[in-house]
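Report on the following structure.
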Amino acid sequence: MSSQEIPEEKYLPSEQGDAHHGGVAVADDPFADPGLPVHKPRIQDIDERAARRSERTVAFLFTLSMLATIGFIASYVIFPVDKIVYIFPIGKVSALNFSLGMTLGTALFCIGAGAVHWARTLMSDVEVAAERHEIAAPPEVKAQVLQDFADGARESGIGRRPLIRNTMIGALAMLPLSAVVIMRDLGPLPEDKLRKTIWAKGKLLINDNTDEPLRPEDVLVGSLTFARPEGLDEHAHDFQTQIAKAALMIVRIQPDDIKDKQELAWSHDGIVAYSKICTHVGCPISLYEQQTHHVLCPCHQSTFDLSDGARVIFGPAGHALPQLRIGVNDEGFLEALGDFEEPVGPAFWERG
């Protein structure tokens, strides 16, 4: 008889046969709960000296984490950004990046290693089986959970071992300082750069189109002229940064048409100078309407009245354009009498 002709039940073990005749005995419940293994006490459970050694080890790791956090912060002060060092076998690396990585890694590792060593050697390791229950626990289960939490806190020894507790709290409290210091790397501090431009008393107004200093007679009534400060080189590495704050537009209005007294006082013979940078999102203003003396930002249509202190009459801009005080020097050229009195461009949280 071939194997294909053998009935399938001949491959099954006999339920009544014994081991001597090739039978296999079947257990009454193959899925019976084997129960928990017998608990074996650790050396720390029976020897207080071993427990003290483990306590000192955990405290040492937490203390090392605190020192590493201090080293992380100190690295920002000690190492310049461009310092390169040779470290075997890595090779040439940034001293700042290497020190930050090593100290922060050490701080995190020591907290984790200390917590693991504490749990494995000093906290209770008795296994407890809990029956599954519905998600909505009855009041007695909630009470039991709170009791278990209290028991766990007591068994952890955190109350009896202040050395571990205090060093752990110190390590966890100091670690966030690393994140605070990292925020310093988001960019250079603005200082007062947002409040000031390179305009200063005596700087000539240079025509953007001719690169020549402007005279009053160069500015006609109804015309719009763009200017920049004297000494601002187009090839300088910070030209775009400086012109983004110092760009100027100049118009000439009949003095009788100027409604704002301060604007008239800061002008020269009807020539007024305003920041070219829109106070909404910083777009350059370039559209001028001669009859109404309105200038329009092409990005979001913010409109300013240059005959009335450049106040906003339409659009999303938050405040008027800053005005630059101007005059004429002994040689007959238009010059600035100082910097803008307020920050140019979009408003920020504190305007000075």
Filter result for Glu230 (without any contact (Cβ under 8 Å) to a residue 12 or more places away in the chain, on the phi < 0 side of the Ramachandran plot and charged (D, E, K, R)):
no
Those residues of region 230-282 which are closer than 18 Å to Arg311 by Cβ and out of contact with any Leu (no Cβ under 9 Å at 6 or more places or on another chain), in sequence order:
Asp257, Lys259, Asp260, Lys261, Gln262, Leu264, Ala265, Ser267, His280
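Can you tell me how many residues in region 177-206 are within 29 Å of Thr225 (Cα to Cα) and either assigned by TED's automatic domain parsing to the domain that holds Ala227 or not polar (S, T, N, Q) (or both)?
Here the count works out to 14.
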Would you point out which residue out of Val77, Val85, Val58 is modelled with pLDDT of 95 or more and not in a loop (DSSP other than H, G, I, E, B)?
Val58
Can you tell me which residue is least open to solvent (accessible area, probe 1.4 Å) among those in region 23-73 that are of a type in the set (Lys, Arg) and free of Cβ contacts under 8 Å to residues at least 60 places away in the same chain?
Arg52
Restricting the search to region 133-184, which residues are within 27 Å of Asp45 (Cβ to Cβ) and in contact with a Leu (Cβ under 9 Å, 6 or more places away or on another chain)?
Ser156, Gly157, Arg161, Ile164, Thr167, Ala171
Region 257-294 - residue that is aliphatic (A, V, I, L, M) and under 15 Å from Val219 (Cβ atoms) and, of those, surrounded by the fewest Cβ atoms within 10 Å (Cβ to Cβ)
Ile258
How many of the residues in region 183-193 are surrounded by 11 or more Cβ atoms within 10 Å (Cβ to Cβ) and either more than 39 Å from the chain's Cα centre (by Cα) or closer than 20 Å to Ala236 by Cβ (or both)?
1
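Can you tell which of Ile164, Ile169, Ile111 is in the same structural domain as Leu61 (by TED's automatic domain parsing), closer than 15 Å to Thr63 by Cα and either in contact (Cβ under 8 Å) with a residue 40 or more places away in the chain or outside any loop (DSSP other than H, G, I, E, B) (or both)? It would help to see each step written out before you state the result.
Values: Ile164 fails: in the same structural domain as Leu61 (by TED's automatic domain parsing); Ile169 fails: in the same structural domain as Leu61 (by TED's automatic domain parsing).
Step by step, each of Ile164, Ile169, Ile111 is checked, and only Ile111 is in the same structural domain as Leu61 (by TED's automatic domain parsing), closer than 15 Å to Thr63 by Cα and either in contact (Cβ under 8 Å) with a residue 40 or more places away in the chain or outside any loop (DSSP other than H, G, I, E, B) (or both).
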For region 172-204, how many residues meet the condition of being part of a loop (DSSP other than H, G, I, E, B) and either under 30 Å from Leu214 (Cβ atoms) or not small (Gly, Ala, Ser) (or both)?
17
So is Gln301 more than 16 Å from Phe226 (Cβ to Cβ), open to solvent by 60 Å² or more (accessible area, probe 1.4 Å), assigned by TED's automatic domain parsing to the domain that holds Glu230 and under 42 Å from the mean Cα position of the chain (by Cα) or not?
yes
How many residues are open to solvent by 60 Å² or more (accessible area, probe 1.4 Å) and touching a residue at least 24 places away in the same chain (Cβ under 8 Å) if we restrict to region 145-161?
1
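If you take the residues of region 206-222 that are in contact (Cβ under 8 Å) with a residue 40 or more places away in the chain and part of a loop (DSSP other than H, G, I, E, B), which of them is most open to solvent (accessible area, probe 1.4 Å)? Steps first, please.
Looking only at region 206-222, we keep the residues that are in contact (Cβ under 8 Å) with a residue 40 or more places away in the chain, and these are 213-216, 219, 221-222.
Of the ones still in play, those that are also part of a loop (DSSP other than H, G, I, E, B) are 214-215, 219, 222.
Working: Leu214: 4, Arg215: 79, Val219: 2, Gly222: 13 Å².
Residue satisfying both the conditions and the ranking: Arg215.
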Which one of Lys196, Lys245, Lys203, Lys142 is open to solvent by 70 Å² or more (accessible area, probe 1.4 Å), touching a residue at least 40 places away in the same chain (Cβ under 8 Å) and either under 29 Å from Gln323 (Cβ atoms) or among the charged types (D, E, K, R) (or both)?
Lys196
Thr225 passes all but one of (1) in the same structural domain as Ile326 (by TED's automatic domain parsing); (2) open to solvent by less than 90 Å² (accessible area, probe 1.4 Å); (3) in a loop (DSSP other than H, G, I, E, B); which number fails?
(3)
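Identify, please: which residue in region 319-340 is assigned to a loop (DSSP other than H, G, I, E, B) and within 15 Å of Lys276 (Cα to Cα) and is, among those, most open to solvent (accessible area, probe 1.4 Å)?
Taking region 319-340 first, the residues assigned to a loop (DSSP other than H, G, I, E, B) are 319-322, 325, 329-333, 337-340.
Now narrow it down to the ones that are within 15 Å of Lys276 (Cα to Cα): 319-322, 325, 339-340.
Details: His319: 28, Ala320: 30, Leu321: 5, Pro322: 2, Arg325: 81, Asp339: 38, Phe340: 15 Å².
Among residues in region 319-340 that are assigned to a loop (DSSP other than H, G, I, E, B) and within 15 Å of Lys276 (Cα to Cα), the one most open to solvent (accessible area, probe 1.4 Å) is Arg325.
The values are calculated or read from the model by the stated rules, or taken from the named source; none is laboratory data. None of the values given here were measured: they were computed from a predicted structure. Positions of Cβ are generated from backbone atoms using ideal geometry, with glycine treated the same way; all protein chains shown enter the neighbour counts. These area figures cover heavy atoms from the full protein model, side chains too; ligands, DNA and RNA do not enter into them. Shrake-Rupley method; radii C 1.70, N 1.55, O 1.52, S 1.80 Å.
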